[in-house]
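Engineer: My questions all concern the structure below.
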Amino acid sequence: MSVFPAHEPIASGRLPVSGGNEIYWETSGNPDGTPLVHLHGGPGSGAGSWYRQLYDPSTFLIVSFDQRGCGRSRPLASEDPALLPMNTTAQQIADIEALREHLRVDAWLVSGLSWGSTLALAYAEAHPRRVTAMVLAAVATTTAAEVEWITEGVGRIFPREWDEFATAAQARPGQRIIDAYYERITDPDPFVRERAARAWCTWEDVHVSLAHGFKPSARFDDPGFRLLFATLVIHYFAHSGFPDAGGIWANLERIRHIPVVLIHGRLDISSPLATAWNLHKQWPGSRLVVIDDEGHGGGGMFEALSLAASGLARQLR
């Protein structure tokens, strides 16, 4: 996975934002380099530290943060379902802007993975003057159709596992699976929430399992992470990513001038290639890189992301 040697942050902190939240952030690489902000996936995965090895530390001032409610940010969204109304895409966008201003960055290259690509697109459409270029990998836009596919349509490929996933949802007749899971994950009973989180994360492992060399994610062995991840993913999926003013697709005109590289695995069942392809068709000057033997992530995808970011940085000089 790693492209560049591991390196440590040069600065970090917690930034107070709206609703009593504090966002953990860190910078690494070259203080005088091209500013780049990395948006992690999930929602709720947290940035971790591995992402720093994706970007050339001699080229970039690398900025990352744990999105509100997860990772080292506080409070955690899983602590109390009453916290969830304070966690929306619009609030995440405001957090990114607050961090940009805090770090005194005028504009930056935005890199997003999976859910991070949805957030990157929404942020760019809200603040196009603050985005110099974009690199999006495992591209998703979290529309209602995409949510329906990942929670119901993929069952046609994994019928046995989907039956278990659907049974655990305890959906009422006519109720969407995602809405049933939202009821379970916000239930006052911690036992109900934990069962929902376990079933959800088991399904997460299933629909990414076609990738070569797949192994179940060890992070889901941690009950705390499992509950946090499921809570935020279900929250955002149930609301189709909280689309604003018509959603990402209706507002592409705002960002079509921004250079972008789209990177996607042909074997990605969770987020089929059609999303990246349709973005590419509607975005003049975009470049689409398809990794033929990978799914929703992988070493080839990360290498392509690294090369794309460095190439865009050279264009921006």
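Engineer: Quick one: how many residues across the stretch 273-308 are at negative phi, surrounded by fewer than 21 Cβ atoms within 10 Å (Cβ to Cβ) and in a loop (DSSP other than H, G, I, E, B)?
Structural biologist: 6
Engineer: Look at Thr231 and say whether it is more than 22 Å from Ala274 (Cβ to Cβ), crowded, with 18+ Cβ neighbours inside 10 Å and of a type in the set (Val, Ile, Thr).
Structural biologist: Details: more than 22 Å from Ala274 (Cβ to Cβ): yes; crowded, with 18+ Cβ neighbours inside 10 Å: yes; of a type in the set (Val, Ile, Thr): yes.
Yes.
Engineer: Separate question: Output the number of the condition that His7 fails; it satisfies all remaining conditions of (1) buried (at least 17 other Cβ atoms within 10 Å of the Cβ); (2) in contact with a Gly (Cβ under 9 Å, 6 or more places away or on another chain); (3) within 24 Å of Ala137 (Cα to Cα).
Structural biologist: (1)
Engineer: Does Val260 satisfy the condition of being touching a residue at least 60 places away in the same chain (Cβ under 8 Å), in contact with a strand residue (DSSP E or B) (Cβ under 9 Å, 6 or more places away or on another chain) and among the β-branched types (Val, Ile, Thr)?
Structural biologist: Values: touching a residue at least 60 places away in the same chain (Cβ under 8 Å): yes; in contact with a strand residue (DSSP E or B) (Cβ under 9 Å, 6 or more places away or on another chain): yes; among the β-branched types (Val, Ile, Thr): yes.
The answer is yes for Val260.
Here's the yes/no breakdown for (1) closer than 18 Å to Val131 by Cβ; (2) assigned by TED's automatic domain parsing to the domain that holds Gln91:
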residue: Phe4; (1), (2): no, no
residue: Gly20; (1), (2): no, yes
residue: Asn30; (1), (2): no, yes
residue: Gly41; (1), (2): no, yes
residue: Gly44; (1), (2): no, yes
residue: Ala47; (1), (2): no, yes
residue: Asp56; (1), (2): no, yes
residue: Ser64; (1), (2): yes, yes
residue: Gln67; (1), (2): yes, yes
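Engineer: Ile291: in the same structural domain as Pro81 (by TED's automatic domain parsing) and in contact (Cβ under 8 Å) with a residue 40 or more places away in the chain, yes or no? Outline the logic, then answer.
Structural biologist: Details: in the same structural domain as Pro81 (by TED's automatic domain parsing): yes; in contact (Cβ under 8 Å) with a residue 40 or more places away in the chain: no.
No: the conditions fail for Ile291.
Engineer: Looking at the stretch 72-151, what helices (runs of 4 or more DSSP H) fall wholly within it and have at least 2 residues that are surrounded by fewer than 18 Cβ atoms within 10 Å (Cβ to Cβ), modelled with pLDDT of 95 or more and among the hydrophobic types (A, V, I, L, M, F, W, C)? Break it down stepwise before answering.
Structural biologist: On the way: elements: 89-102, 115-126, 144-151.
The helices (runs of 4 or more DSSP H) meeting that bar are 89-102, 144-151.
Engineer: Quick check on this structure: which one of Leu136, Leu103, Leu113, Leu119 is touching a residue at least 60 places away in the same chain (Cβ under 8 Å) and within 16 Å of Phe229 (Cα to Cα)? Don't jump to the end; show me each part of the working.
Structural biologist: Working: Leu136 fails: within 16 Å of Phe229 (Cα to Cα); Leu103 fails: within 16 Å of Phe229 (Cα to Cα); Leu119 fails: within 16 Å of Phe229 (Cα to Cα).
The conditions single out Leu113.
Engineer: In this structure, does Pro243 turn out to be crowded, with 17+ Cβ neighbours inside 10 Å and under 26 Å from Met86 (Cβ atoms)?
Structural biologist: On the way: crowded, with 17+ Cβ neighbours inside 10 Å: yes; under 26 Å from Met86 (Cβ atoms): yes.
Answer is yes for this residue.
Engineer: Kindly list the number of the only condition in (1) free of Cβ contacts under 8 Å to residues at least 40 places away in the same chain; (2) more than 18 Å from the chain's Cα centre (by Cα) that fails for Ser217.
Structural biologist: For Ser217, the failing item is (2).
The values are calculated or read from the model by the stated rules, or taken from the named source; none is laboratory data. Here the structure is a predicted model, which is why all the values come from computation and not from measurement. Every residue, glycine as well, gets a Cβ built from its backbone with ideal geometry; the counts of neighbours run over all protein chains shown.
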